[in-house]
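What follows is a short report on a single structure.
The values are calculated or read from the model by the stated rules, or taken from the named source; none is laboratory data. These numbers come from a predicted model, not from an experiment. All Cβ positions, glycine included, derive from the backbone under ideal geometry; neighbour counts span all protein chains shown. Heavy atoms of the whole protein, side chains included, go into the accessibility calculation; ligands, DNA and RNA do not. Shrake-Rupley method; radii C 1.70, N 1.55, O 1.52, S 1.80 Å.
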Amino acid sequence: VDFDAKEKKKEAEIYRALNSDPIDVATLRRMAISEGGLLTDEIRCKVWPKLLSVNTDDLPPLPAGKELREDNKDFQQVLLDVRRSLRRFPPDMPDDQREVLQEELIDVILHVLKRNPELHYYQGYHDIVVTFLLVVGDRLAAALVEKLSTHHLRDFMYTTMDNTKDILNCLMPIIDKMNTEVHDFMESAEVGTIFALSWLITWFGHVLSDIRHVVRLYDFFLACHPLMPIYFAAVIVLHRKQKVLECECDMASVHHLLSQIPQNLPYESLISKAGDLFVQFPPSKLIKKAACVKRTAASTFKDFELASVQQRPDTVLRQRFRERPRGEERPRREERLQREEQTKSILTKFRTNRFVKLAVMVALGAAAVVVVNPTLEWAPKFDLRIFP
């Protein structure tokens, strides 16, 4: 009964944030991060577009499938991957309904790629798209996935894997920060970070069998910085630290152990730990070389977040504008310094609430920039089949 009451209270708070004028994006982020996430797919249909700054009143129609598929260089690979995606659909779904959804999945993917020719399809992309398709339907999925692909997922959609390597290279410094013993053991085993590749590029959609767990993580990731999946990956590794340290200290053994992700993870606890870790050890602290100036999704996240809140400013920004004297135009440097001080004071004020603190950090873009650490091992020295 208490849990039902808690859920009802949270649902009411979400709808208040959605119906406020302006829309309270900061509260929506906090609700998506906090325990239980966004609760239902009905709520996700309303909140996910706000988190990605997508206008649901003006969704473009999807072109006919035949038009998309003719002379499309990605069609055959997308078709193969979608045909292999049976387990991503609910097991009790009738075959004819699943087949319709698979055709829609192909069309959504090809639609996004056709509209954004600079983006390149990668194996595993369909695992992300199918999650959106199952939750919000094809038209809204196309709009959300397009925005996601040009921001959070963009680093995985270049012609090379350089940016993906850079993000995976964040994993070991995060693990080192949390547990030096596990970090040193993994370094000695020379396991690299390839075991986490499918986790990262599918937002765990490929490796988790229960759609409820997947959408809970998507609530969390959509409300956070693009690097949050790598923090979550680090937390999973450390959740299994005992098994890691008991493993044979060689590459094949440790890789095999880590790549077999348990399905019964304590998701809420791990989300909480990943949020805490992000606040304690933000991406800015991962920077090792000033030469890292690539326009990655991580480094341009502040731009994306500012665009997001401008659909309607959130409560933090409204408070800032209220405190600002009318007619006064401050120089940019002074504004930036003031914003940093406000961020610090807000983080201090909310010291006891990790979810509020994390949501505020995300809202104000307090941390950014992916690390490039070429000294870390990128992959094992033998060929691995990334996707079974």
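Does Leu200 satisfy being open to solvent by 30 Å² or more (accessible area, probe 1.4 Å), aliphatic (A, V, I, L, M) and either under 29 Å from Thr160 (Cβ atoms) or in a helix (DSSP H, G or I) (or both)?
For Leu200, the condition - open to solvent by 30 Å² or more (accessible area, probe 1.4 Å), aliphatic (A, V, I, L, M) and either under 29 Å from Thr160 (Cβ atoms) or in a helix (DSSP H, G or I) (or both) - is not met.
With the structure loaded, tell me whether Val207 is touching a helix residue (DSSP H, G or I) at 6+ places or on another chain (Cβ under 7 Å), aliphatic (A, V, I, L, M) and open to solvent by 10 Å² or more (accessible area, probe 1.4 Å) or whether it fails that test.
yes
Please go through the stretch 149-189 and give me each residue that is in a loop (DSSP other than H, G, I, E, B) and in contact with a Lys or Arg (Cβ under 8 Å, 6 or more places away or on another chain), ordered by number.
Across the stretch 149-189, the qualifying residue is only Asn179.
In the stretch 114-125, what residues are in a helix (DSSP H, G or I) and either at pLDDT 95 or above or on the phi > 0 side of the Ramachandran plot (or both)?
Of everything in the stretch 114-125, just one residue is in a helix (DSSP H, G or I) and either at pLDDT 95 or above or on the phi > 0 side of the Ramachandran plot (or both), namely Tyr125.
Any chance you could count how many residues in the stretch 84-96 are farther than 18 Å from Val214 by Cα and surrounded by 11 or more Cβ atoms within 10 Å (Cβ to Cβ)?
So the answer is 1.
Quick one: which of Glu13, Glu99, Glu35, Glu67 is under 19 Å from Leu217 (Cβ atoms) and acidic (Asp, Glu)?
Glu35
What residue, of Asp184, Asp176, is under 15 Å from Ala233 (Cα atoms), acidic (Asp, Glu) and open to solvent by 20 Å² or more (accessible area, probe 1.4 Å)?
On inspection, the qualifying residue turns out to be Asp176.
When the stretch 13-47 is examined, which residues are found to be open to solvent by 40 Å² or more (accessible area, probe 1.4 Å), more than 18 Å from the chain's Cα centre (by Cα) and closer than 16 Å to Leu134 by Cβ?
Listed by number, the residues that qualify are Thr40, Glu42.
For the stretch 50-83, name all the residues that are surrounded by 12 or more Cβ atoms within 10 Å (Cβ to Cβ) and under 30 Å from Met31 (Cα atoms).
Matches in the stretch 50-83: Lys50, Leu51, Leu52, Ser53, Val54, Thr56, Leu59.
Condition first: of a type in the set (Val, Ile, Thr) and either free of Cβ contacts under 8 Å to residues at least 12 places away in the same chain or open to solvent by less than 10 Å² (accessible area, probe 1.4 Å) (or both). Now tell me which residues in the stretch 222-281 satisfy that.
Hits for the stretch 222-281 are Ile230, Val235, Ile236, Val237, Val244, Val254, Ile271.
Checking Tyr125 against (1) under 30 Å from Lys273 (Cβ atoms); (2) open to solvent by 50 Å² or more (accessible area, probe 1.4 Å): exactly one of these is not met. Which one?
(2)
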